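Structure first, then comments.
The values are calculated or read from the model by the stated rules, or taken from the named source; none is laboratory data. All of these numbers come straight from a predicted model, not from anything done at the bench. Glycine also receives a Cβ, built like all others from the backbone with ideal geometry; neighbour counts cover every protein chain displayed. The accessibility values were calculated without ligands, DNA or RNA, using every heavy atom of the protein model including side chains. Shrake-Rupley method; radii C 1.70, N 1.55, O 1.52, S 1.80 Å.
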Amino acid sequence: MKVFITGGAGFIGSHLAEHLLAQGHRVLILDDLSTGAIANIEHLIGRRGFEYRIGSVMDAPLVAELVDRCDATVHLAAAVGVRLIVERPVYTIENNVHGTEVVLEAVARKQRPILIASTSEVYGKSARVPFREEDDLVLGPTTHSRWAYACSKALDEWLGLAYLREKGVPVIIARFFNTVGPRQTGRYGMVLPNFAAQALAGEPITVYGTGEQSRCFGHVRDAVIAIDRLLHTP
């Protein structure tokens, strides 16, 4: 199987490429390096079955060409990180929504399967635990950029499900919960890399509120195994 990964030089994307190659698959990635890095895939360059292209997921002709060459697509390219979302809300909304639209249009022409990466933010502020995909969404006000991110990813889900229902595209949606692990950067506001950097520097570790709150984290190696299994499950 040959898998096309958008955002493949990013944190999750680079681990997924590594995992799929180890399973004997071929991998083609696209990344504009806005939040990804060549350093994440350096160890894969030159390896048999691995190809990479530097470019934008907004480039429809390029995306169409790469989708045509692969059996399945994993769409990870998106604006990520609290800091980036707050500082660049226009980029966040346009990149997340239009990027997904471009990729879906390309896979629809070939009726190839696609996994769209969504986020736990789509669950919103619901107090009902455990969360369920069928629950009503309770989101914050439009004046808070965080909810623009949640809405943009929810719209990605709606768009993906619309392509499934109307055009028969094999669409899979996965909501990620605070994925962590090697190669994650704290540059865009990620929690654990910032905790680790502060601890290593002997600085006070930033804790908001009472410090009694809890949060769910998932290791990136578990996340990529889940992606692989989802791709191979009818």
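Tell me the residue from Ala150, Ala174 that is buried (at least 18 other Cβ atoms within 10 Å of the Cβ), modelled with pLDDT of 90 or more and more than 17 Å from Ala64 (Cα to Cα), please.
The unique qualifying residue is Ala150.
So if I check each of Asn96, Asn194, which one is modelled with pLDDT of 90 or more and on the phi < 0 side of the Ramachandran plot?
Asn96
Quick check: is even one residue across segment 218-225 acidic (Asp, Glu), touching a residue at least 40 places away in the same chain (Cβ under 8 Å) and under 23 Å from Phe11 (Cα atoms)?
no
For segment 36-132, which fully contained helices (runs of 4 or more DSSP H) count at least 3 residues that are of a type in the set (Ser, Thr, Tyr)?
So the answer is 89-110.
In the list Gly186, Gly124, Gly181, which residue meets the criterion of being open to solvent by less than 70 Å² (accessible area, probe 1.4 Å), in contact with a helix residue (DSSP H, G or I) (Cβ under 7 Å, 6 or more places away or on another chain), modelled with pLDDT under 90 and not charged (D, E, K, R)?
Gly186
Collect the residues in segment 1-48 that are within 27 Å of Thr92 (Cα to Cα), in contact with a Cys (Cβ under 8 Å, 6 or more places away or on another chain) and not aromatic (Phe, Trp, Tyr), keeping them in residue-number order.
Result: Val3, Leu28.
Among the numbered criteria (1) open to solvent by 50 Å² or more (accessible area, probe 1.4 Å); (2) closer than 23 Å to Ile85 by Cβ; (3) hydrophobic (A, V, I, L, M, F, W, C), which one does Ala199 miss?
For Ala199, the failing item is (2).
The rows are residues; the columns are (1) touching a His at 6+ places or on another chain (Cβ under 8 Å); (2) without any contact (Cβ under 8 Å) to a residue 12 or more places away in the chain; (3) of a type in the set (Asp, Glu).
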| residue | (1), (2), (3) |
| --- | --- |
| Val103 | yes, no, no |
| Ile114 | yes, no, no |
| Ala117 | yes, no, no |
| Ser145 | no, no, no |
| Leu159 | no, no, no |
| Leu164 | no, yes, no |
| Arg175 | no, no, no |
| Val180 | yes, no, no |
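Does Ile38 meet the test of being free of Cβ contacts under 8 Å to residues at least 12 places away in the same chain, within 24 Å of His19 (Cβ to Cβ) and among the aliphatic types (A, V, I, L, M)?
no
Given the criterion open to solvent by less than 30 Å² (accessible area, probe 1.4 Å), over 22 Å from Ser152 (Cβ atoms) and in contact with a Leu (Cβ under 7 Å, 6 or more places away or on another chain), identify the matching residue among Ala72, Ala64.
So the residue among Ala72, Ala64 that is open to solvent by less than 30 Å² (accessible area, probe 1.4 Å), over 22 Å from Ser152 (Cβ atoms) and in contact with a Leu (Cβ under 7 Å, 6 or more places away or on another chain) is Ala72.
For Leu16, state whether it is out of contact with any Leu (no Cβ under 7 Å at 6 or more places or on another chain), surrounded by 14 or more Cβ atoms within 10 Å (Cβ to Cβ) and not in a loop (DSSP other than H, G, I, E, B).
yes
Would you point out which residue out of Leu155, Leu115, Leu137 is modelled with pLDDT of 90 or more, open to solvent by less than 50 Å² (accessible area, probe 1.4 Å) and either closer than 26 Å to Asp222 by Cα or not basic (Lys, Arg) (or both)?
Unique residue meeting the criteria: Leu115.
For segment 50-62, indicate whether the set of residues that are among the basic types (Lys, Arg) and closer than 16 Å to Ile114 by Cβ is non-empty.
Taking every residue of segment 50-62 in turn, none turns out to be among the basic types (Lys, Arg) and closer than 16 Å to Ile114 by Cβ.
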